[in-house]
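The values are calculated or read from the model by the stated rules, or taken from the named source; none is laboratory data. Everything numeric in this text was worked out from a predicted model, so none of it was measured. Don't worry about glycine lacking a Cβ; one is built from the backbone with ideal geometry, like all the others, and counts go over all protein chains shown.
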Amino acid sequence: MLGKYFQKPESELQSRVPPGQYLTKGFPVLTYGDIPRINLEHWEFRVWGKTQPKTFKWSDFMSLPQHEFTKDFHCVTRWSKLDVKWTGIKVTDLMELVDIDPSVTHVMEHCYGGYTTNLSREEFLLAENFFAHQLFGEPLPPEHGGPMRLVVPHLYAWKSAKWINGLEFLEQEELGFWERNGYHVRGEPWAEERYSC
Ligand SMILES: Nc1nc2c(c(=O)[nH]1)N[C@H]1C(S)=C(S)[C@@H](COP(=O)(O)O)O[C@H]1N2
Ligand SMILES: [Mo]
């Protein structure tokens, strides 16, 4: 298990590795089910629930400010990858175009392929969250969620939905795919919020 791909953290990096995690230099692919293939002309992103429903096209996302992000990535299956470089759009920039009702307490991320994962309103709206369409300067590969994924850096990576195509704004908490199947409702790696009790 350890050995070629998984290594004990080197001491200077140790402080960035949450408890119970091991560093990997590769970038493992973790997907439940098949990899959806979506071409950019047909790509659509919808918002609904406690908001005015809207549909965005690829060009709408590309016309928003583009930024580079360097973030550590922690999978609940215990691998961590440091300094992943992404390009994309801040969640807060998209949300300038989306008015949500004051009653919204939670958000469900929806994806091509049917995967879902939930966030609280506060954790969704954090300034550091972003939609990513490039990985290390190249178009985001399909296996890593291309053409577009969400990245929520402060939570375990199952909250970072690949092939994202929508957000549902909720008045109460609902559980996404892994959360219904035993994963923690929040998933903060420094608190080791891995599984629900
Ligand atoms: N749509 C979708 N998003 C997903 C998943 C998935 O199965 N489907 N897996 C999650 C999990 S458990 C992890 S660890 C990360 C893995 O991202 P990667 O495959 O780019 O390493 O994606 C998350 N987002
Ligand atoms: Mo994961």
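Details
- Filtered residues of region 141-176 (kept if small (Gly, Ala, Ser), within 19 Å of GLU44 (Cα to Cα) and more than 9 Å from ligand 1 (Cβ to nearest atom)): GLY146, GLY166
- Candidate set: region 158-172, residues that are part of a strand (DSSP E or B) and over 9 Å from THR116 (Cβ atoms); chosen: the one farthest from the chain's Cα centre (by Cα): LEU170
- Counted residues, region 124-150 - those being more than 22 Å from ASN39 (Cβ to Cβ) and part of a strand (DSSP E or B): 1
- LEU175 being touching a Gly at 6+ places or on another chain (Cβ under 6 Å) and assigned to a loop (DSSP other than H, G, I, E, B): no
- Within region 86-105, residues that are over 23 Å from PRO139 (Cα atoms) and without any contact (Cβ under 8 Å) to a residue 60 or more places away in the chain reach partners that are surrounded by fewer than 19 Cβ atoms within 10 Å (Cβ to Cβ) and acidic (Asp, Glu) with beta carbons closer than 9 Å, at six or more positions or on different chains, in the pairs LEU97/ASP60.
- Among residues of region 78-116, those that are small (Gly, Ala, Ser) and more than 12 Å from ligand 1 (Cβ to nearest atom), counted: 2
- Every listed requirement among (1) away from ligand 1 (no atom under 11 Å from the Cβ); (2) closer than 17 Å to TRP43 by Cβ; (3) not hydroxyl-bearing (Ser, Thr, Tyr) is met by GLU138 save one, (2).
- Residue in region 131-152 that is in contact with a Cys (Cβ under 8 Å, 6 or more places away or on another chain) and under 14 Å from LYS71 (Cβ atoms) present: no
Yes/no matrix, rows are residues, columns are (1) within 14 Å of ligand 1 (Cβ to nearest atom); (2) free of Cβ contacts under 8 Å to residues at least 24 places away in the same chain:
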residue	(1), (2)
GLY20	no, no
PRO28	yes, no
TYR32	yes, no
HIS42	no, yes
LYS50	no, no
LYS71	yes, no
VAL76	yes, no
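- Going through (1) in contact with a Ser or Thr (Cβ under 9 Å, 6 or more places away or on another chain); (2) within 16 Å of ligand 2 (Cβ to nearest atom) one by one, LEU125 falls short only on (2).
- If you filter region 13-35 down to residues that are in a strand (DSSP E or B) and closer than 19 Å to PHE136 by Cβ, you find that the one that is farthest from ligand 2 (Cβ to nearest atom) is LEU23.
- Restricting region 6-25 to residues that are modelled with pLDDT of 85 or more and exposed (fewer than 10 other Cβ atoms within 10 Å of the Cβ), the residue that is nearest to ASP72 (Cα to Cα): SER15
- Whichever residue in region 146-197 is among the hydroxyl-bearing types (Ser, Thr, Tyr) and surrounded by 19 or more Cβ atoms within 10 Å (Cβ to Cβ) and, among such residues, is nearest to PRO19 (Cα to Cα): TYR156
- GLU143 meets each of the listed conditions (1) closer than 26 Å to TRP190 by Cα; (2) exposed (fewer than 14 other Cβ atoms within 10 Å of the Cβ); (3) among the acidic types (Asp, Glu) apart from (1).
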